[in-house]
Every structure is written in structure tokens, then in C-alpha cells.
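Read through the structure below, which is laid out as C-alpha cells, and then see the notes.
A short reminder: the numbers here are calculations on the coordinates, not readings from a lab. Every value quoted in this text rests on a predicted model; they were computed, and no experiment measured them. Because the Cβ atoms are built from the backbone with ideal geometry, glycine has one as well, and the counts that use them run over all protein chains shown.
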Ligand SMILES: CC(C)(COP(=O)(O)OP(=O)(O)OC[C@H]1O[C@@H](n2cnc3c(N)ncnc32)[C@H](O)[C@@H]1OP(=O)(O)O)[C@@H](O)C(=O)NCCC(=O)NCCS
């Protein structure tokens, strides 16, 4: 694994590796990250544009799609908003795209235990790995059911590909509906996720067909925009975030090669460095309950209104996405002991990784910062309490992107920068220029 991008100004004397790693098949992310670090976003983008032009058609598929193109990145005259207008739903192609002859489409009913297990197994064995193939995401079945069934979801957007002869599931892609606000406009979108092609079927241009098919099915619901993230650079990110990692179980992280002992550090000093209090410190800090939904929705809507791109959550969305679900999502509120008002909120979701080829450990338990709103409690203290409960729940590491106001607490709470970057994209929606990560209020799973 490339251990990279250690920020020497960080208080954390440890380098962390990337748990949200890149597909093996594409551009080397560590190099892309180094460019962005050294020269700033604009220079790095300019270089990417030049590279793209120099090599000619670098993105045979994406260049045909209504997405911001690298060649247009500096053209400030292009209008913000949809790139292509909608067409009548009746004019949308009614039949699925053609697959190679040996394969067929299937709609995956994630409620069905057998189908859910097939999807789980496909992803567990073939989904995202880090550069050095040491870790692979291991989304649980409960997580997949949660991620794929938000309010108003469409079964038809959970798309699989099977081998006709054996019915083996070999590829997957999903969309779920969301309302996402871009500046002052709320746009109905699909959040597209879980694109996966079996390792044995890579580089056969199956991914473009899957992306076109999910797009077609989204269009059939009269929805014309989408949001998605990827570890690879495609035309054209609306912003690029970095993952930061806070060790909770440093010994294990070092043993499995996720992080390494800092210079001049011993294991016992490292363990001491990351030690956390046994109990949370904020009075009134407790698990979120159903009765908190209205207050959390108000807090969240108010907080997210300051970002350029953010979800437009209503109470149904908050109930689905933020009410605690065992081993999937954890949420906490601060209820004032005096007034009983809910003043603050924090949350994280649970996304373990399989540890590949390690004799002693098979899994890494990772918590991912989700949505946090600090109104009364300082954000630093709120997040420190989130770390404490994650540690109580036996997570090995707490990950966070540098979006929203996360920069405020990352270094202070001993997160170290990873070598993983996460690029955010919008489909069929142009922004005048790229955003800073701190202007983004959207976390995709
Ligand atoms: C991502 C994955 C499905 C791509 O499939 P593949 O067999 O490697 O690539 P294909 O030959 O089918 O298609 C290549 C096209 O897909 C695009 N592509 C690759 N990864 C992509 C991604 N994550 N999102 C969108 N497009 C992607 C490529 O850019 C290329 O299009 P281009 O020529 O316009 O650049 C496959 O590598 C995989 O399953 N990887 C592990 C899981 C993973 O990384 N999923 C994506 C999570 S964001």
C-alpha cells in the first residue's frame, strides 16, 4: 500500500493508509493526490486538462455524457444548471440497453434474503480495494438494505447483471432518489452507488452499459440529474475531498498495515497518544430516538443551508438516514439538561473492510463521520464524544472527509491525512467552477 501524503504539521506522528481506496483498474491516486497537495486545486486541474487534451480521447465513455468536460472547465461563460433539458418520459428508450450475449439484466430485490446475499457476496469479493489490495470494503447486508431503501426508493434502480447460463450475479449498480440543493435550487436526483463488475469481467466496457442503464431507469421516473462519488478522476469533479483517519485501536491498525508507527514512536507511546476517556463529556449527550426526529431535522436543515451543495432532508429522510440502526448508523443528540432542548447532533455510519491475506485479522471495523451539527456544544467536543462512543463500540478507526466544517476538528482530534481522495460528481448539472470541500454538505455512502 502506498502510504502517502503525511502532513508533517499534523500532531499525529503516524502515517495512515487509505481505507477508501481506489479501483485497481485506473489512474494512480497517490500521484493525483500529490499534485493537488503541492500546487493547489487550480494548477492540478489545469494539468489534468492538458493531459486529457494531449492524449486525445481519454474518456471514451464520459466524453459522450452530459457532464462537465475538462475542456470546458475554464469557460466561465457556460451557464450553471442542467446541461441537457429533460425530454418527455414517453420519449425515453423503453427497452434496456444491450448486454454482451452471455449476460442478462436482473432487478435485485434487496428485501429477498437470497438476492441480498448474492449482492453482498459480489461486493464483498469484488468491490473497492486500496491500491495495494490489502483491504476491501465489506458493506453488511443490513447496511445495503438501509442504503438502498430510503423513502420513495425504486426497486427498478437496483440493477444486476447475471450470466444467462448459470444465473450467477456478476455486476451491480444502484440508484436511490434524493432531493439535493445546489445553491438555491432543490433538484430531484439519483444518488448512484455500488457500481461493481466481477474481477474476471473487468476492462470489457461493461461499466458504461451499466451506467447508461441506470440512467435510463432514472429518466423513466422523470429524474434527469444524479450525484455520485469515485476514487478515480472522471470528467469533472465538483470537488475533491480527502479522507482523514483517527486511530482508535492503533496497535491493530499498525499490525494489519493500515497505519505505521511514526518516527521516534514506540507502540506504547502511540497507544497513549490515541487514548480516549472512558465516557463522553458533554452533559445530555445521548443516543438519538424517534422523538428527536423533528428537532434533528430542524438542526440539520438550518446547518446544511450554508453549503453550496447539500441534501434537502425532510423528517422522513431524517428518520430513515439518521435514526440509529444497529451496526449501520449511529446518531447522538445533546439534550440540554435544563431546557430539554436538542441543541447538537452527531452521527457516523459503519463500514467495515475485509483485511486481505493477514494471518491474525480478517476485518477492520471503521466508523465514518456522517452529519454533525454543533449549535451549542463546540464541534471539537462533540466530535471527541463521537470518538469516545465509537471506541466504546469497538471501532478500530474513525474516518472523516474534509468537507463541511470538518477541518475544524481533524488535526486537533489527532486525525491523520490518508492517501485516499474522494471525487464528487454531478450528472447533467454544471457548476460554474469547482467547490472547496468546505462548501460541500453532502455525504454519500
Ligand atoms: C469500477 C468498475 C465497475 C469499472 O469497471 P471496469 O471493468 O474496470 O471498466 P470498464 O471497461 O467496464 O469501463 C471503463 C469505463 O468506466 C469508467 N469508470 C471506471 N470506474 C468508474 C467509476 N467508479 N465511476 C464511473 N465510471 C467509472 C472509466 O472511466 C471508463 O470510461 P472512460 O473510457 O470514459 O474513462 C470496476 O473496476 C470495479 O468493479 N471496481 C471495483 C469497485 C469500484 O471501484 N467501484 C466504483 C466505486 S466508486
Per-peptide average of other Cβ atoms within 10 Å, ordering 214-222, 150-158 highest first: 214-222, 150-158
0 to 90° range, to nearest 10: angle between helix 293-304 axis and the chain longest Cα axis: 80 degrees
Contour excess over end-to-end distance, with Cα ends at residue 251 and residue 412 and 0.36 nm allotted per residue: 55.9 nm
Within the chain, helix-based [θ] at 222 nm, where runs of 4 or more DSSP H residues each add -39,500 (n - 2.57), nearest 500: -8000 deg cm²/dmol
Efficiency of FRET between residue 340 and residue 84 - r from beta-carbon atoms, R0 51 angstrom, step 0.05: 0.55
Ranked packing of 272-283, 87-98, 376-387, most packed first, by mean Cβ within 10 Å: 376-387, 272-283, 87-98
Burial order of peptide ranges 237-243, 337-343, 289-295, 258-264 (average beta-carbon count within 10 Å, highest first): 237-243, 258-264, 289-295, 337-343
With 10 Å bins from 0: P(r) over segment 116-274, alpha-carbon pairs, percent: 8, 30, 31, 18, 10, 2
Computed FRET value (nearest 0.05) for residue 145 with residue 261, which takes r as the C-beta separation and R₀ as 35 Å: 0.35
Förster radius 35 Å - calculated FRET efficiency between residue 268 and residue 326 (Cβ-Cβ, nearest 0.05): 0.55
Cα-projected label distance for residue 186 with residue 113, points at 7 Å along beta-carbon direction, nm: 3.9 nm
Rounded tilt (10° steps) of 206-219 against the dominant C-alpha axis of the chain: 90 degrees
Cα shape, segment 239-439, gyration tensor, a/c 1.5 rule: oblate
Gain in span if fully extended, residue 212 to residue 165, counting 0.36 nm per residue against the direct Cα distance: 14.5 nm
GNM flexibility winner over the chain from 391, 287, 168 (Cα, springs under 10 Å): 168
Relative frequency of Cα-Cα separations exceeding 29 Å in the chain, percent: 47 percent
C-alpha long axis of helix 379-392 to longest principal axis of the chain, angle in °: 90 degrees
